[in-house]
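Only one structure is covered here, and it is reproduced in the block below.
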Amino acid sequence: MKLTTRSVSRALLVSTLVVASAGATLLLATSASAGTTLGASAAESGRYFGTAVAANKLSDSTYVGILNREFTMVTPENEMKIDATEPNQGQFSYGNGDRIVSHAKGQGMRVRGHTLAWHSQQPGWMQNMSGSALRSAMLNHVTQVATHYKGQLYAWDVVNEAFADGGGGGRRDSNLQRTGNDWIEAAFRAARAADPDTKLCYNDYNTDDWGQAKTQAVYSMVRDFKSRGVPIDCVGFQSHFNNNSPVPSNYQTTLSSFAALGVDVQITELDIEGSGSTQAALYQRVVQACMAVARCNGITVWGIRDSDSWRSSGTPLLFDGSGNKKAAYTSALNALNSGGGTTTTTTTTTTTTTTPPNPGSGCTASVSLDSWAEGFVATVRVTAGSSAISSWTVTLTLPSGATVTSAWNANHSGNTGTTQWTNVSYNGQVGAGQSTQFGFQGSGSGSGITSSCSAS
């Protein structure tokens with residue numbers, strides 16, 4: 001999905017609660033009154049609407065006119081990637097990246113840095129390295145580039161596309177991965193040390209479908225990072241959609257499930273191939289999904305006009321090649337102004353189980369729901385009593401009409417009525433007073449699920 005110099009620059013656009021100074025910035029970036037441009041409309045709910053920018057197009061008056069009018073966040077397409085910022089080892093080049101930052105600042109926009117560590121678009125000197133030498137070079141690159149832009153950016157895509165495609169759910173085989181499985185954590189820690197105040201994000205593609213192994217693998221990494229204090233603030237979903245990779249029905253579930261881990265979620269490289277009302281409806285679905293999740297606080301489209309896109313033949317953006325607004329633009333704007341669709345608004349309730357007969361050596365289970373009109377996501381927290389446990393079993397009784405459609409982090413039997421859930425290999429051992437979680441998606445209403453827990 002990403003090749004060439006226009007390769008999908010993976011961007012993590014983390015969002016913000018709009019404080020007074022940030023609010024002033026957003027208003028400067030959108031001279032039109034609120035509700036009439038993408039950026040202004042997103043700002044009304046404390047979100048941003050951004051785009052990828054190429055430095056060599058900043059002399060195009062049509063391009064810049066749309067950029068300045070519509071967007072409040074920019075992501076450099078290629079100008080901050082490794083090959084651009086350190087073309088020769090130890091020799092750094094920031095000219096084009098600085099040009100984009102300068103333009104953004106002049107218009108009151110914010111900037112997402114993209115990207116500090118990635119297996120692709122490495123300069124030749126890095127491609128030829130391995131082992132400890134590569135690890136040191138990667139960490140030095142992260143430190144030097146993050147230090148150069150310290151205090152100037154809203155967020156960094158610290159690591160980009162580190163997980164493999166396919167059903168295995170494992171890490172991508174790359175020269176960086178072969179330096180050790182902790183390389184992602186090391187990159188995040190180096191970025192935080194270099195720039196303590198900038199949001200740090202992980203960014204990837206084909207992670208939009210909650211039921212996919214790749215999505216679950218990234219989720220597990222983020223959950224692990226949060227539990228151990230690894231500095232990660234946000235997760236970016238590239239969301240490149242076409243007929244072969246359609247918008248999944250559980251897209252909102254994916255966003256809300258990651259947000260529940262305590263990170264911001266952003267749509268970072270959105271484009272949807274197509275045209276007319278079909279494309280417009282898909283853009284509306286995606287924007288509504290973000291608007292329905294409180295911590296989905298920003299959307300970035302990967303380019304301005306169709307002719308600027310890395311896959312221009314699919315006409316995937318909001319403006320045509322001449323810079324005219326498309327039907328997709330209108331649907332995206334309407335979704336921003338409406339605050340989300342009536343069928344995608346989520347609610348959260350919590351049901352807590354009764355204490356088991358022997359709480360000293362047992363466990364409790366509690367269920368929280370993220371619900372919408374057609375279904376729900378249930379997150380089940382298993383908490384050990386005063387003694388550690390080595391395995392657990394949770395029994396859940398679903399209300400009439402509710403059906404389990406997918407599940408994660410647990411084995412289970414039964415999809416309706418009384419269902420039984422047991423730990424998988426990595427989450428059976430729970431320390432005294434500590435917790436682990438599993439979850440599932442269901443159709444129908446999950447309100448009124450009852451639960452019990454036993455442990456050994």
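The values are calculated or read from the model by the stated rules, or taken from the named source; none is laboratory data. Just so it is clear, the model here is predicted, and its values are computed rather than measured. Every residue, glycine as well, gets a Cβ built from its backbone with ideal geometry; the counts of neighbours run over all protein chains shown. Areas reflect the complete protein model, heavy atoms only, side chains present, ligands, DNA and RNA absent. Shrake-Rupley method; radii C 1.70, N 1.55, O 1.52, S 1.80 Å.
Assorted remarks:
- Flag for Q107 being touching a residue at least 60 places away in the same chain (Cβ under 8 Å) and open to solvent by 50 Å² or more (accessible area, probe 1.4 Å): yes
- Matching residues in region 140-167 - criterion: being among the acidic types (D, E) and surrounded by fewer than 24 Cβ atoms within 10 Å (Cβ to Cβ): D165
- Residues considered: D195, D204. Of these, the only one that is crowded, with 21+ Cβ neighbours inside 10 Å, more than 14 Å from the chain's Cα centre (by Cα) and either modelled with pLDDT under 95 or not assigned by the TED database to the domain that holds F376 (or both) is D195.
- So G90, is it open to solvent by 10 Å² or more (accessible area, probe 1.4 Å) and closer than 16 Å to T143 by Cα: yes
- Filter result for R69 (touching a helix residue (DSSP H, G or I) at 6+ places or on another chain (Cβ under 7 Å), open to solvent by 40 Å² or more (accessible area, probe 1.4 Å) and of a type in the set (D, E, K, R)): no
- Only one of T300, T355 that is open to solvent by 50 Å² or more (accessible area, probe 1.4 Å) and either modelled with pLDDT of 95 or more or not acidic (D, E) (or both): T355
- The number of residues in region 428-450 being open to solvent by less than 20 Å² (accessible area, probe 1.4 Å) and either in a loop (DSSP other than H, G, I, E, B) or not aliphatic (A, V, I, L, M) (or both) comes to 7.
- Scanning region 231-245 for residues that are at pLDDT 95 or above and surrounded by fewer than 22 Cβ atoms within 10 Å (Cβ to Cβ) gives P231, D233, N242.
- Among all residues of region 414-424, there is none that is assigned to a loop (DSSP other than H, G, I, E, B), small (G, A, S), touching a Gly at 6+ places or on another chain (Cβ under 6 Å) and open to solvent by 20 Å² or more (accessible area, probe 1.4 Å).
- Residue within region 270-282 that is among the hydrophobic types (A, V, I, L, M, F, W, C), more than 21 Å from T36 (Cα to Cα) and open to solvent by less than 10 Å² (accessible area, probe 1.4 Å) present: yes
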